Amino acid sequence: LEHDRSCNCKKIKGIVCARILLIIVGTCDVIPVFVLRKKYLQVSWFRRRDWHILTTGVYTYTTDERFTVLHPEESDDWTLQIKYTTSRDNGTYECQLSTGTGVISQFVNLDVVVPKAVILGSKDYHVQLGSTIRLVCVIED
């Protein structure tokens, strides 16, 4: 795993898109794809729920500024970055690789989970000033 310091992202490197990604709401996550640049003429990302074109090449075609494509110069990586994820980001994303003779599609199912924090024990705690209290917090998805 690599980290993008600009928004504390996790970047998973791979040869093809991951098929299912599970991420936590509010984080900055990426959907990676690795392609051979000589073989493909264009890489585009689509949101399947509404057929919205998110990116084509290095250009972004959505007004939602949370979406961007990461493509380091001379790299074979084409990564869709989604900042500050919400449950509305759930769904299928398509990466289209255009060739001179057609299109190859890779699909990623993104599942954004909203964790729930629960403090174990009683709902009410009464302590005296200066006393020590120990709380156990369990985070569930």
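The values are calculated or read from the model by the stated rules, or taken from the named source; none is laboratory data. No experiment lies behind these values; they were computed from the predicted model shown. Glycine also receives a Cβ, built like all others from the backbone with ideal geometry; neighbour counts cover every protein chain displayed. What goes into the accessible areas is simple: the full protein's heavy atoms, side chains included, and nothing from ligands, DNA or RNA. Shrake-Rupley method; radii C 1.70, N 1.55, O 1.52, S 1.80 Å.
Asp111: in a strand (DSSP E or B), open to solvent by 50 Å² or more (accessible area, probe 1.4 Å) and not hydrophobic (A, V, I, L, M, F, W, C), yes or no?
Yes, satisfied.
For the range 58-79, give me each residue that is surrounded by 13 or more Cβ atoms within 10 Å (Cβ to Cβ), part of a strand (DSSP E or B) and free of Cβ contacts under 8 Å to residues at least 24 places away in the same chain.
Listed by number, the residues that qualify are Thr60, Phe67, Thr68.
Which residues, taken from the range 103-135, are over 30 Å from Thr92 (Cβ atoms) and within 30 Å of the chain's Cα centre (by Cα)?
Residues satisfying the conditions are Val118, Ile119.
Can you find a residue in the range 115-133 that is in contact with a Phe, Trp or Tyr (Cβ under 8 Å, 6 or more places away or on another chain), free of Cβ contacts under 8 Å to residues at least 60 places away in the same chain and open to solvent by 30 Å² or more (accessible area, probe 1.4 Å)?
yes
Can you tell me which residues in the range 80-100 are surrounded by 14 or more Cβ atoms within 10 Å (Cβ to Cβ) and either in contact with a His (Cβ under 7 Å, 6 or more places away or on another chain) or in a loop (DSSP other than H, G, I, E, B) (or both)?
Lys83, Thr85, Asn90
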